[in-house]
């Protein structure tokens, strides 16, 4: 393998190749679920170096696993026996065009860094999730990442106008453009977005920026039961002119999990409640959103559909509310063994799902414990199950049951985190078989050697 | 061919096969630009009949051209020597779910009929263009159609959640789902949308519906020059909370063309103006949009950036304003020979493009005449050129020059009408060559016999 390291060093420079013990930072993910020894890690500086690495890999028939922030939860960047291609050096924001509200960015730009750069122009890159300080543009595009603001701004796909992609054989697919209308043949942009590196390596993108909200109001809202939460969301949308940017659900068990995880964590309310919502409204225009929120909540405190509510009075209080919600992945992975899922349902099925799923799981594993947290506005639940023992077959049976119920309620087993390694079984069980055949046909047509992130995303 | 007609009749019934003179309604488009003698026209009743027709075609190696409303402008449904597969009998609206704001529709549902059905639930299917009374869901999905409301609601792709597609070999790709988050492998939905029938036949879809605006205000606005129109749009968006649904530009020549075409046409203003805008604001929420519009216009009448304005005082006046704009295609095709285009530019380049393009064209053909009409909010110009003589090479040279300037200004040669036959040369000249290679690879992988709408969309 010294020969491979030398060949890679010839492309990216000796300082930008790691192998053996030096590759340890790329050998596992932060959840500790996936481990893989890469042959070597190469950190290209630009698109041409990416292309050269792919040509080298192709000539030697070696797999290539792209990695950017390595904050994924599904093993999509697990690099066992592969050349890992880290995009972290390609972190230039090439341009921000405030008038067109667009930015041209390289794949290694950190999501939060792009938002900070947009802020200087009174704009925002509104993708928001716990790992936004680590995740990079290449990764969020490759997984079509979601998060807490999808309700308002859409997934990553909705934030992307143009794309630059290096294909398996090193050819550069240039789809860099900033137009909102461009019907010129097959939509290759949306095909590469969310493809988890199966079709090519995203090296740069043109993304949309949005006006930075000039007002923002954030609250914790307690309810006696989840089934009226959709009505609350609709009332807030109607009263505010669709200014709701986040509508997040945390059951009591989540609050307990947060209190156990963090010594500085505090109760959101004086008393415990079964349903805790984090609600945020934001807008770039006039009108008093705090007043709107207060009015809607006051009416519901009156009629009893809301039990309690706290509106953040400062940015510090707002941050406290968000840090609770964003601790979700840490809470889930603080205990092992753990099974994390990422399902989505029609919004009005969420309460029924949560009611029905737990007894189904305890029927399989009476000792298992469960936790949920949801982007309720999107019907997207991160349902965590801690089985009573570390047994792959048991975990698979639990996941299969969660998936089965979600799909039976017209939902999906995979909402926003991607498939990676963890959901290959779910794909085989529930994805339309013809869709899988078509995916394989496209993959084989564009990567006939199968060197791009093999063994993931598309079950064989 | 009697044998083919009989075989098709065996699938769809004798009454639903046409050939020879009976096939005349499908042998040309309404623009009169494209003529083709189909082998036969088959009108399936359902998905299984579509699949059977494709299997028959595959067995005989015959091309299949799908057609729904046949209102396209680029020859995408030209059926020379092909089995034409007309989806017009598949016109069931299977379901409207007012709570989820979705509809399940078959490919032959007429766009305006879907909107009318949505209206009974106080919802709208907001795709709006001149041919919405003729165009069908299968066609607007296959071309990713745009129109006057894209500014607010997006293209057809943005209005689609789920899709059912029959592939070249008769397999059914079932992507029917109504979720807003569903990352489960390659995005085949967006790949088929806009693919112009190259990858499969769209037979059904789940589409989004939007709240029907409870208020709507429509105006004709005259300006002395186009270069300040973007400022007007931004001011209207800011003052109304992004309630602008249409922002359409018609130069004086367009008004003249309309007056010449229609005996009942009237001048929009007392005096002629170089820049005539059709502006519409709409919202489902409270707030007085008419007041907002009046205030913004009053300030601009004061400072002279707006010359005159008329707000529609009745639905009849609104309809008059829209019927003028929607006469665009008729005005263009009322004279021959004609070259119609469909370019898009960054919004702030539209005035420069219109200033620069005309002398370039008259340098090629001093006798040519030109006309433009634009979805200005999208930077999308339908630029029409009437050359001085009917000469294919001349038309191609004129088109090439229009394309070249648009692309030089970071625009596209194909915004919303699709490629079909008319823009194959533009695709060859301006689309990224690697993108064309990838399109061909995907096409070959999914339709190895090349029987689906051959010779269109993707230049070979």
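The numbers here are math on the coordinates, done by the rules we state, and not lab data. Here the structure is a predicted model, which is why all the values come from computation and not from measurement. Note: ideal-geometry Cβ built from the backbone for every residue, glycine included; neighbour counts use all protein chains shown.
Annotations for the structure displayed:
- Ranked by how many other beta carbons lie within 10 Å on average, peptides B:118-126, A:291-299, A:130-138, A:196-204 from highest: A:196-204, A:130-138, B:118-126, A:291-299
- On Cα atoms only, tilt of B:252-261 relative to the major axis of chain B in degrees: 60 degrees
- Overall dimensions of chain B as given by Cα atoms, namely Rg and Dmax in Å: 22.5, 73
- As a proxy for reagent exposure, B:19, B:426, A:68, B:28 were ordered by neighbouring Cβ count within 10 angstrom, fewest first; the result is B:28, B:19, B:426, A:68.
- Pairwise Cα inverse-distance average, inverted: Kirkwood Rh of region B:335-417 (Å): 12.5 Å
- Pairwise Cα distances in region A:93-211 exceed 17 Å for 51 percent of all pairs.
- DSSP beta bridges in region B:2-86 [antiparallel fraction, %, rounded to 5]: 30 percent
- Inter-copy label distances at residue B:287 (7 Å, Cα→Cβ; nm, one decimal): 0.4
- DSSP beta bridges confined to chain B are antiparallel in about 85 percent of cases.
- Shielding by other protein chains, A:406-415, mean Cβ within 10 Å: 3
- With only Cα atoms counted, region B:154-212 has Rg and Dmax values of 11.6, 40 Å.
- Once you divide the Cα radius of gyration of region B:129-169 by 2.2 N^0.38 Å, the number left is 1.27.
- Neighbour-count order for B:395, A:181, fewest beta carbons within 10 angstrom listed first: B:395, A:181
- Inter-part distance where region B:196-217 and region A:20-85 are each reduced to a Cα centre, Å: 41 Å
- The long axis of helix B:350-364 is offset from the longest Cα principal axis of chain B by roughly 70 degrees.
- Of all beta bridges that DSSP places with both ends in the protein assembly as shown, some 85 percent have antiparallel geometry.
- Largest to smallest principal axis extent of the C-alpha atoms in region B:2-86, angstrom: 33, 24, 23
- Here is the P(r) of region A:314-460: all C-alpha pair distances, binned every 5 Å from 0, give 2, 9, 17, 18, 18, 14, 10, 7, 4, 1, 0, 0 in whole percents.
- For the listed peptides A:329-337, A:449-457, B:414-422, a ranking on the average number of other beta carbons within 10 Å per residue, highest first, reads B:414-422, A:449-457, A:329-337.
- Acute angle (nearest 10 degrees) that the helix B:392-408 long axis makes with the longest principal axis of chain B, alpha-carbon atoms: 60 degrees
- The protein assembly as shown - Kirkwood radius from inverse mean 1/r over Cα pairs (Å): 29.1 Å
- For region A:252-298, the C-alpha radius of gyration sits at 1.55 times the compact-globule guess of 2.2 N^0.38 Å, with N the residue count.
- Nm distances between copies for residue A:260, ranked from closest, using label points 7 Å along Cα→Cβ: 8.0
- Footprinting exposure proxy ranking of A:347, A:318, A:252, fewest other C-beta atoms within 10 angstrom first, gives A:252, A:318, A:347.
- Taking the label point 7 Å along Cα→Cβ, residue A:433 and its counterparts in the other copies are spaced 4.3 nm apart, in ascending order.
- Its alpha carbons considered, region A:216-313 gives a radius of gyration followed by a Dmax of 13.5, 41 Å.
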